[in-house]
Structures are given as structure tokens and as C-alpha cells.
Amino acid sequence: MADGILISGGTVVDGTGAAARPGEAVLLRGGRIVALGAAALAQAAPDETRIDATGKTVMPGLIDAHTHLTFGEPTGNDELFHHRTEAYSSMLSAYNARKVLRAGVTSVLDADCLWNIGCELRDAIESGIVEGPRMRAGGQALMTMLGGTAGRMIADEGTTAYATVVKGRDMMVNEIRRQIKYGVDWIKIMVTGLIPSMKGPEVKVWNFDELRTVCDTAHDLNTKVVAHCRNSASTRDAARAGVDLIYHASYMDDEALEAVLEAGSALCPTFTLLGNLADYGAKVGSSPELLEVFRAEIAVTAKQMAKAHAAGVPFLTGSETGFAVTPVGEWHARELEMFVEYMDFSPMDAIVAATRNGAFAMRMEGEVGTLEEGRIADVLVVDGDPLADVTILQDKTAIAEVIKDGKRIDLTTPIPEQKLRSSDQVRFLASCPLTRSLAFTEEQLEKLSHV
Ligand SMILES: [Zn+2]
């Protein structure tokens, strides 16, 4: 069979948490993993493709459970909410999808998006007209009248590119049914939001009955719910109402952790965005006080996350890729580093969170996320040992092979350079040092300085 691939000589880290196995062969055929070890060597036909992985690590493709491929790397909320057009955003998201796959991410949950682009992008990838990771997609984020992180930028009613304001039980039910009609895999709700007049951090902007309404309606239609929860009360109520996956869970206290454990909700802390701001903010002129705020949120939250991990809560890795501070294709694997550095995860546990556990976000448990016989053949070959240094997964020069659905991805043909479309950028925001890209490379800095 000509479509088979035999990867031999590498150390297999299979994503289940089992110990690494040096010198183990993996045979892929028909888009699946058909054999490992001696059976793989024995079954491989002479005309099948051979990849010599000696000295390298063979592991499942990464699963990023928190991306925003349609956002266009905005430097602020104004840009995201009011300066995007549907058709251009669709094309840009297709361009972005390639970058994600090349970074070694073979699956993503894109939980909320501009318009309904996420579902359409997912379908375009599945139909083969766009190259990208396999996707699960949500639609526009549901918000109450109080809005989400954009505060008063959320209109009192109606729909922006990004959000839909739902008022009362009927609207919640109907909006969820509408999104499901158009193909979403997940419903995304913003359970905390900023109320500018109150100053201070995000507050819970949904009551418990509303959260129950959302979960019951979605679950009746076999659809899962993911919630943005930037404080403890929101995390507690979301879990009790039946939310399946909680993003951030910032400042989760013991009561909220108890609720998460009881409900069996999964957590996706998404520290990468905060970590990038904390580490690189000074370079772009953020005040030391502000950097302390970011660092404090990580430190306080991480302590409880470590406790949750020890108690058996399932953890997924998510990068919040899609903003100016988390450019597409660049930082997907940083979350593993954050788990190890701040949450007391071993590199092995971090890899399990980024592979096997991610299958939950894809609603493909037992299908993706591990290297086992019969699984879908999403495989990375990494030049180095991520168990010794998990940051190696952030180094694109160390990603030797990305295989999705049993097919090798071209990692060498350059992706065309993107020039900014001026109408997508907000000048006064982009010139503010805090919202500038963190300029991880000269190239990215250059890109932003054109605004
Ligand atoms: Zn997000």
C-alpha cells in the first residue's frame, strides 16, 4: 500500500502518560495508526514511505483547546468588534489555519469566532480545500446585557461580529438553537465581564438560572458548553450549572474547586496570554504595576490549579492564539511550559494535557490525542526530547514532521507574507505601547510598525 508511512528509530511518547519507549516503530496507513513496535516493522511494505526518527521523539499532534483563528490578531477590542469584515476574515482565517498546522497543532477548539466563520473554516478544512488542523468550532459568544471583556463596547442588544447579546430565557434558548442549526460543536458563553464604572476586575454577569438554561438547552441537543470565567464565583456557578469546559477559572477558591470536582468539568487555564504580557510587557513599555497584576493572577490561580490537578480534574492546554500578543502559529506550545513552570505539572503530564486530554475538546476521545493502534494518524516528530525540556515544542525548527490524517504536511514551502490591511487596524490603539505586538521577532515588530 503506497500511502503507508513507517516512522522508525524514534522514542515514542504516546500521549497516554505511559513511559517513553525508545526505538519504537509506528506504522501509519489509511489515515490511521495501524501498528506499533515489532508489528509495525513486520507489517511495513517495501514501497511505503520511511521516516528515520533516530534521536527524535515521536508523539501525537498537539491539541490547542483555546484558539481564535478568525480574529486577525487585533491590538484591542475596538478593532475586534468594529473593524472586521466577514469575507476578509474568512480568507484570513484560512491563511491562519496553515500556520497553526505547521506549528505542530493538528487539532484545535475554536470556541468562539467572528460571525459563523469557525464552522465554515472547519468544513473547508474537512473538505480539503483549506489546509489546517482538524477543528471543532463555536459561533458568536453569548453575552448578557452586561457584556464581556469589552465592557460598554458591547451594544445593548443585537449582534456584533463577535458577540450576541441574549436577553431572557427565550432569547438564550433560541440563539443556542440557531447556532446549532448552523453547525456549532460548542456554545461559548462569557460568564464574567468588565463593568467600566465599577473599575476593578471582571465580575460575574450571568445568574445561575441563566447558566442552567444555557447548559440544558445545549445538552438536550448534544452540544457542549464552554465558559469564560475570570473569577471564582463564575467558575463555581458554571460548574454547578453543568458547563463542560471552563476557560481561565481565575482565582478559583476551594468552594469553586469543589464544584468543579463534583461536576466533572474540565479546566483550560490559558495562561499563555497572561504569561506573554508578564514576560514581554516591559519591553513594550507596560508599567511595572501592570506587570505585577498579570503575574499575581498567574501565581494565585496556578496554586489552585496544582491542587485541582492533584485532585484529578482533567486539564487541557489552550493558548488564546489570535490576538496581537498571541500571534497565530507562534505560541501554541507555550501553555505546556506554563503548566510545568507554574502548576507543578511534570513535562509528561503537560504533554498528556496537550494531547490525550485535548480529545475532549474535539469530542473525539479515543480517536485522536494518543499514539495507539487504531487511532487517527496525527503525529509529530520532534528533534529533541520534550520530556527533558518541554519548551522544545515551541521551536519550529525542532518540528521535523507534522502528519495529519496520515499525510505529511509540507513544512518548507514558505507561507506568503501577510501585509496588514489598513482598514482592519485602529491607529490610536495600535500606537499605544501596551497593545503593540510583543515583537517576538523583528518581522512581527515590523508588521505592527506599519500601522
Ligand atoms: Zn479566548
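Couple of notes before you dig in:
- Each semi-axis of the equivalent ellipsoid for the chain is √(5λ) with λ an eigenvalue of the Cα gyration tensor; in descending order they amount to 34, 24, 22 Å.
- Largest to smallest in accessible area, the residues D378, D185 fall in the order D185, D378 (1.4 Å probe, all protein chains included).
- Global form of segment 271-347, assessed from the alpha-carbon gyration tensor, a/c cut-off 1.5: oblate
- Computed from backbone phi, the HN-Hα couplings of segment 371-377 come to 9, 9, 4, x, 6, 5, 7 Hz, rounded to whole numbers (Karplus: 6.51 cos²θ - 1.76 cosθ + 1.60, θ = phi - 60°; Gly and Pro given as x).
- Cα centroid of segment 241-255 to Cα centroid of segment 53-111, whole Å: 24 Å
- Average accessible surface area per residue within the chain, 1.4 Å rolling probe, Å²: 39 Å²
- Helix-only arithmetic for the chain: the sum of -39500 (n - 2.57) across DSSP H runs with n ≥ 4, divided by the residue total, places the mean residue ellipticity at 222 nm at -10000 deg cm²/dmol.
- Cα centre as origin, Lys/Arg/Asp/Glu Cβ charges: the chain dipole, Debye: 660 debye
- The share of accessible area on the chain that comes from carbon and sulfur is 52 percent, using a 1.4 angstrom probe.
- Summing +1 for each Lys or Arg and -1 for each Asp or Glu among the other residues whose beta-carbon sits under 15 angstrom from that of A45 gives -1.
- Using alpha-carbon coordinates, inclination of helix 232-241 to the longest axis of the chain, degrees: 70 degrees
- Label-point separation, V293 to R421 (7 Å along Cα→Cβ), nm: 3.2 nm
- Pairs of Lys in segment 88-229 closer than 29 Å at Cα, counting only those 8 or more apart or on different chains: 13
- Between the helical axis of 86-102 and the longest alpha-carbon principal axis of the chain there is an angle of about 40 degrees.
- Among M145, M172, the order of accessible area from largest down is M145, M172, computed with a 1.4 Å probe on protein heavy atoms.
- Site-free segments of the chain were taken between trypsin sites (Lys or Arg not before Pro) in DSSP loops having at most 16 other Cβ atoms within 10 Å, sites themselves excluded; the longest one is 1-166.
- Over all directions, the projected convex hull of the C-alpha atoms in segment 277-316 averages 3.2 nm² in area.
- Here's how it looks for A141: its modeled amide H is under 5 Å from those of C113, T164, which are all 5 or more places away or on a different chain.
- The relative contact order of segment 16-59, computed from alpha carbon pairs under 8 Å that lie at least 6 residues apart in sequence, is 26 percent.
- F323 contributes an accessible area of around 50 Å² to the protein surface, as traced by a 1.4 Å probe with all chains present.
The values are calculated or read from the model by the stated rules, or taken from the named source; none is laboratory data. Keep in mind it's a predicted model, so treat the numbers as computed, not measured. Ideal geometry is used to build each Cβ from the backbone, glycine not excepted, and the neighbour counts take in all protein chains shown. Heavy atoms of the whole protein, side chains included, go into the accessibility calculation; ligands, DNA and RNA do not. Shrake-Rupley method; radii C 1.70, N 1.55, O 1.52, S 1.80 Å.
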